[in-house]
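Undergrad: What follows is a structure written as structure tokens; I'll ask about it next.
The values are calculated or read from the model by the stated rules, or taken from the named source; none is laboratory data. The structure presented is a predicted model; accordingly, all values stated were derived computationally and were not measured. Backbone-built Cβ (ideal geometry, glycine too); neighbour counts: all protein chains shown.
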Amino acid sequence: MKKYIAECLGTFVLVFFACGTAAVTGCTAEGNAAYLITALAFGLVIVAMAYSIGNVSGCHINPAVSIAMLCSGKMSVSDFIGYVAAQFVGGILGAACLAAVTGKQYGLGTNGLYDGSIMKSLIIEVILTFVFVLAILGVTSKKEFSKVAGLVIGLSLTLVHLLGIFFTGTSVNPARSFGPALFMGGDALKCVWVFIVAPLIGGVLAAFCYRFLDPEK
């Protein structure tokens, strides 16, 4: 139960602080300070959570990461279900608190379709998630990497945001997208399925790609 609570807490922090940063700074697709600050906020939250709850749950705080671990044989089906449920609860609670504090006028850091295209948005999110999860699988594959794992994962998330914010606002995390979309409603909620499906596909592809590339297998 503690690991599920940790996942819920971690996802709550991710949504409240990182999506909150996007909301209050007015982050848009334009390359400006808010764009960079938002990308850094997502990465820094992961670093903070990795070194605080990582020893409890592994700090997935993302269903795309959990499904990659499931496909890699690093977690059971029952744990996967528990992790994902906890992550979605955390995302919803984080968005609820953010909406209560800032209101909906700032957007809650929701994602949106690139150029109004479902296909383009799916492709972008699959690629972004693939790269992010592949980095996680690589840096968590050996114990000697454990001291720097949190930093590498955080920087990897910052990297995908530096490109992805321009296109979709960057999801790579179904729980992070669902919470804000649930409270914003409207178009954000109508298209949120894209930001649930695409990261899961990206996570699965990363798991099988890493399994193929792993020099020890």
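Undergrad: Residues that are of a type outside the set (Lys, Arg), farther than 22 Å from residue 152 by Cβ and over 14 Å from the mean Cα position of the chain (by Cα): list the helices (runs of 4 or more DSSP H) wholly contained in segment 15-101 that include at least 1 such residues.
TA: On the way: elements: 20-25, 33-57, 63-71.
Per the criteria, 20-25, 33-57.
Undergrad: Right, something else. Closer than 22 Å to residue 21 by Cα, hydroxyl-bearing (Ser, Thr, Tyr) and outside any helix (DSSP H, G or I): which single residue out of 158, 110 fits that description? Steps first, please.
TA: Details: 158 fails: outside any helix (DSSP H, G or I).
That would be 110, the only listed residue that is closer than 22 Å to residue 21 by Cα, hydroxyl-bearing (Ser, Thr, Tyr) and outside any helix (DSSP H, G or I).
Undergrad: Against the condition in a loop (DSSP other than H, G, I, E, B), at pLDDT 95 or above and over 21 Å from residue 30 (Cα atoms), how does residue 172 come out, does it pass? Before the answer, list the steps.
TA: Working: in a loop (DSSP other than H, G, I, E, B): yes; at pLDDT 95 or above: yes; over 21 Å from residue 30 (Cα atoms): no.
Spelling it out, it is not the case that residue 172 is in a loop (DSSP other than H, G, I, E, B), at pLDDT 95 or above and over 21 Å from residue 30 (Cα atoms).
Undergrad: Right, next: Which residues, counting only those in segment 180-197, are over 12 Å from the mean Cα position of the chain (by Cα) and part of a helix (DSSP H, G or I)?
TA: Let us first name the residues in segment 180-197 that are over 12 Å from the mean Cα position of the chain (by Cα), namely 180-194, 197.
Passing the criteria: 180, 181, 182, 183, 184, 186, 187, 188, 189, 190, 194, 197.
Undergrad: Within segment 32-60, restricting attention to residues that are of a type outside the set (A, V, I, L, M, F, W, C), more than 27 Å from residue 85 (Cβ to Cβ) and in contact (Cβ under 8 Å) with a residue 24 or more places away in the chain, which residue is surrounded by the fewest Cβ atoms within 10 Å (Cβ to Cβ)? Working first, answer last.
TA: Here is the first cut: in segment 32-60, the residues of a type outside the set (A, V, I, L, M, F, W, C) are 32, 35, 38, 43, 51-52, 54-55, 57-58, 60.
This time we only want the ones that are more than 27 Å from residue 85 (Cβ to Cβ), so: 32, 35, 38.
Then keep just the ones that are in contact (Cβ under 8 Å) with a residue 24 or more places away in the chain; that gives 35, 38.
On the way: 35: 20, 38: 28.
Selected residue: 35.
Undergrad: On to the next question. Could you pull out the residue among 56, 89 that is over 23 Å from residue 165 (Cβ atoms) and touching a Cys at 6+ places or on another chain (Cβ under 6 Å)? Give the steps one after another, and end with the answer.
TA: Details: 56 fails: touching a Cys at 6+ places or on another chain (Cβ under 6 Å).
It is 89.
Undergrad: What is the residue count in segment 61-100 for residues that are under 17 Å from residue 17 (Cβ atoms), crowded, with 24+ Cβ neighbours inside 10 Å and not small (Gly, Ala, Ser)?
TA: So the count comes out to 4.
Undergrad: Checking the condition crowded, with 16+ Cβ neighbours inside 10 Å and modelled with pLDDT under 95, which residue from 181, 135, 149 passes? Can you show your working first?
TA: Numbers: 181 fails: modelled with pLDDT under 95; 135 fails: modelled with pLDDT under 95.
After applying the criteria, what remains is 149.
Matching residues to (1) among the hydroxyl-bearing types (Ser, Thr, Tyr); (2) more than 22 Å from residue 84 (Cβ to Cβ):
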{"site": "159", "(1), (2)": "no, yes"}
{"site": "162", "(1), (2)": "no, yes"}
{"site": "165", "(1), (2)": "no, yes"}
{"site": "168", "(1), (2)": "yes, no"}
{"site": "195", "(1), (2)": "no, no"}
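Undergrad: Then there is this: Residue under question is residue 114, and the condition is that it be crowded, with 18+ Cβ neighbours inside 10 Å, aromatic (Phe, Trp, Tyr) and more than 20 Å from residue 6 (Cβ to Cβ); does it hold? Give the derivation first.
TA: Details: crowded, with 18+ Cβ neighbours inside 10 Å: yes; aromatic (Phe, Trp, Tyr): yes; more than 20 Å from residue 6 (Cβ to Cβ): yes.
Yes: the conditions hold for residue 114.
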